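The values are calculated or read from the model by the stated rules, or taken from the named source; none is laboratory data. All values derive from a computational prediction rather than experimental measurement. Ideal geometry is used to build each Cβ from the backbone, glycine not excepted, and the neighbour counts take in all protein chains shown. SASA here: full protein model, heavy atoms, side chains in, ligands and nucleic acids out. Shrake-Rupley method; radii C 1.70, N 1.55, O 1.52, S 1.80 Å.
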Amino acid sequence: SYAQQLQATGGITPLKWSVSPALPSPLTLDSAAGAINGTPTGPSPKATYRFTVTDSASPAASATADLTLEIQAAAPGLTITTALLPDAKTGSAYTQILQPSGGVAPLTWSVSPALPSPLTLDPAAGTINGTPTVPSPKATYRFTVTDSASPAASATADLTLQIQ
C-alpha cells in the first residue's frame, strides 16, 4: 500500500488539490486532503505529474509542483532455501554455501550463536568455512540473511551442525 501526504503553506482554507495527468491506477489523489493513496498492482514507469493546490480566496491563489513517481516491481520474497547442513569432521576442511532465494542484492549473512571455532560465516557470501580440530555436539544455529532493499527484508533458518 502507498500513502503520501502533499503539503502546502499559506492560502485560505479549504484547499483543493488536483493532478495532471491522472496518477497510475489504482493510486488516487484526495482533492480535499491532498493525500495520495492506493495499492499498486503492477509497475509503472517513472513519470512527472503536475500537482496544483488552489485556495478558497476570491480571487483564488494557486501553486504548482512537478513531482516524479515510479511504481517499481516488488522484489521477490527473501528466503533461505538451505534445509540441512552436513556434519563437519575434525581435521577436514569444511565448506558449505547457504542458499538464498529472492531479495535485493547485496545480501548480508549472520549467525547466532557463533559457530564453533574455527568455523566462520562469511557475511557477504553466506559461506561457512574452516577446518575443525575438536568435536562439537550437534547444535542448532539461527542463520539470518538481510537484503539491501529499503526497507530491508530478512529471512531466518534454524539449522543444526555437528563436528564429529
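At a glance:
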item	result
Subset of segment 66-99 [among the hydrophobic types (A, V, I, L, M, F, W, C) and over 30 Å from Gly42 (Cβ atoms)]	Ala83, Leu84, Leu85, Ala88, Ala93, Ile97, Leu98
Residue list for segment 42-67, filter: at pLDDT 95 or above, in a strand (DSSP E or B) and open to solvent by 60 Å² or more (accessible area, probe 1.4 Å)	Thr48, Arg50, Ser62, Thr64, Asp66, Leu67
Within segment 83-127, tally of residues that are hydrophobic (A, V, I, L, M, F, W, C) and in a strand (DSSP E or B)	5
Among (1) free of Cβ contacts under 8 Å to residues at least 60 places away in the same chain; (2) surrounded by fewer than 15 Cβ atoms within 10 Å (Cβ to Cβ) - the single one Gly103 does not satisfy	(2)
Set Ser92, Ser150: member being surrounded by fewer than 14 Cβ atoms within 10 Å (Cβ to Cβ), polar (S, T, N, Q) and touching a residue at least 12 places away in the same chain (Cβ under 8 Å)	Ser92
Condition check for Gly11: assigned to a loop (DSSP other than H, G, I, E, B), modelled with pLDDT under 95 and either over 30 Å from the mean Cα position of the chain (by Cα) or loosely packed, with under 10 Cβ neighbours inside 10 Å (or both)	yes
Filter result for Thr28 (open to solvent by 50 Å² or more (accessible area, probe 1.4 Å), under 27 Å from the mean Cα position of the chain (by Cα) and without any contact (Cβ under 8 Å) to a residue 12 or more places away in the chain)	yes
Single unsatisfied condition, Pro76 versus (1) at pLDDT 95 or above; (2) in contact with a Gly (Cβ under 7 Å, 6 or more places away or on another chain); (3) not in a strand (DSSP E or B)	(1)
